[in-house]
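*Asks:* Take a look at this one; I'll ask things after.
Rule-based calculations on the coordinates, nothing more; no lab input. A quick note: this is a predicted structure, and the numbers were derived from the prediction, not measured. Ideal geometry is used to build each Cβ from the backbone, glycine not excepted, and the neighbour counts take in all protein chains shown.
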Amino acid sequence: MGMLRLFNTMSQTKEEFVPLNHSKVGLYVCGITTYDSCHIGHARAYVAFDVVQRYLRYCNYDVTYVRNFTDIDDKIIKRAHELGLDPREVSNRYIQEFYDDMDALGVQRADIEPKVTEHIPQIIESVKKILERGFAYEAEGDVYYDTTKFADYLRLSRRNREEMLAGASGRVDPTEPHKRHPFDFALWKKAKEGEPSWESPWGRGRPGWHIECSTMSSYYLGEVFDIHGGGMDLIFPHHENERAQSFALCGREFVRYWLHNGFVTVGEDQQKMAKSLKNFFTIKDVRSIFYPEALRYFLLTTHYRSPINFSLEGVLAAEENVDYLYETILAGMSAPEATEINRQVVEKETQRFEEAMNDDFNTAVALAVLLENARALNECLRRKNWSMAKTHLAIVMKIGGVLGLGEQPPKQALSEIQEKRIDRAKIDKELVERLVAERSEARKNKDYGKADALRDDLAKMGVLVMDQKDGTRWKVTNVKPKE
């Protein structure tokens, strides 16, 4: 299998992956705050870590994958007020939308998906321990972490404390007047009128953002676990603050490998995609235009740590590759059965794939191996070398299973891709069917001039006609969305 090496954000180097408990792996990834639709940045993170957990399982690790939902937060409360709904209704709406998006992208459910509101007692216990150990202070119903008590604060994010203080002019946020230091952060927030709240030793209130992940990760994975993942935007302050809290709780670093995916950018200036900048595409937007697996494929074309510049043209090209992949799989499945497959070729190509993935989950190279074997499969089919065709089909399915590609029933996938293209091209299906039928009749009557003319008319519409043994089939060539 080879040695798996991970780029650890803490050390800024690739390190050999050695789990804490032999074959068991604890993986925690920060989930969404449930106040709005998921955008492409969310897709980037959850597709990346879906592949991480798939490959760890492929390597025969016993993985416990935890991904939380932040279902109580200032943003959720604000959105609930805007919509005239209870915050729980808002959270439930966007949790279901999250599942719809992730299911469409082939992102598997995590083993454990805890919600903040279901872990309030555990969070209160965490805050009590941090207070007891002298790392926090209470201030009129609020509880703050005292960052001056953690000498190693800012090590993960590599920020300079003095420069940050100078930039803030040493000020404390006026909305939090009881903070002693600008870097201190809330562990527990005093209840405000009309907001959801829970009883605590400090009065009614609710958790701060960061404490939830420290609490839930340790609750399900233990005080120290193997991998913590998330987007680079979470390194500071969220993950830095998690480190501080967890150090107060267990007295040591609680994560052994920090993994962070790169930003999604957009436009020629490659500006970071963000809701605050109003330059984002929701996953729902993209799913309405393209076959969803095309977005997954697009996101895997770049190493997860690198930035990726989103464009509709990029997803369009990815959809073409997904279409080719399913056409190839269908042809391979339809080929005559072979007596045996070439185990040496399977081993060789699998090793190439594993070498790519062992290099910090290099999906860009792994995708190249997948496509090369799809092309080899097509060539074997052309030559009627059924044994080697089945060999390459086995390789394609094995690699695709880890990358989350080519897993749908091929005919269904191809039909859905076709429908997306028809919608984008605004093609009249009834007209196409009529012209195809007329062409078939012309060919039957050996009126090849008329048949060729009809084929050309269809081609101008973006329709490719394919004459096969069992009849004529047509498909729409890949087309850009109509304005």
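*Asks:* Any chance you could check the Cα centroid distance between the range 228-248 and the range 340-380 for me, in angstrom?
*Replies:* Rounded to whole Å, the Cα centres lie 36 Å apart.
*Asks:* Also: Let me know the charge dipole size of the chain about its Cα centre in debye, to the nearest 20, where only the beta-carbon of Lys, Arg (+1) and Asp, Glu (-1) is charged. All intermediate terms of the calculation are to be shown ahead of the outcome.
*Replies:* Details: 68 positive and 75 negative charges, 166 e Å.
It comes to approximately 800 debye.
*Asks:* Please enumerate, by chain and number, the lysines with C-alpha under 25 Å from the C-alpha of Lys129, excluding those fewer than 8 residues away in the same chain.
*Replies:* List returned: Lys115, Lys149, Lys179, Lys189, Lys190, Lys192.
*Asks:* Based on the alpha carbons, how large is the Rg to Rh ratio for the chain when Rh follows Kirkwood?
*Replies:* Working: Rg = 26.7 Å, Rh = 25.3 Å.
A ratio of 1.06.
*Asks:* Enumerate by residue number the GluC sites (Glu not before Pro) in the range 54-159 meeting two conditions: DSSP loop (anything except H, G, I, E, B), and at most 12 other Cβ atoms within 10 Å of the site's Cβ.
*Replies:* Working: sites: Glu82, Glu89, Glu97, Glu118, Glu125, Glu132, Glu138, Glu140; in loops: Glu140.
Of the GluC sites (Glu not before Pro), the ones in loops of the range 54-159 whose Cβ has at most 12 other Cβ atoms within 10 Å are Glu140.
*Asks:* Kindly state, to the nearest 0.05, the FRET efficiency for Asp470 paired with Lys398, given R0 = 30 Å and r defined as their beta-carbon distance. Walk me through the intermediate numbers first.
*Replies:* Working: r = 29 Å, r/R0 = 0.98.
Result of the calculation: an efficiency of 0.55.
*Asks:* Using a Förster distance of 60 Å, how high is the FRET efficiency between Glu253 and Ala437, based on the Cβ-Cβ distance and rounded to 0.05?
*Replies:* 0.30
*Asks:* Another one. Loop only per DSSP, at most 12 neighbouring Cβ atoms within 10 Å: give me the chymotrypsin sites (Phe, Trp or Tyr not before Pro) in the range 214-307, ordered by residue number. Mind dumping the intermediate values first?
*Replies:* Numbers: sites: Tyr219, Tyr220, Phe225, Phe247, Phe254, Tyr257, Trp258, Phe263, Phe280, Phe281, Phe290, Tyr297, Phe298, Tyr304; in loops: Phe254, Phe263, Phe280, Phe281, Phe290, Tyr304.
Passing both the DSSP loop test and the Cβ count: no residue.
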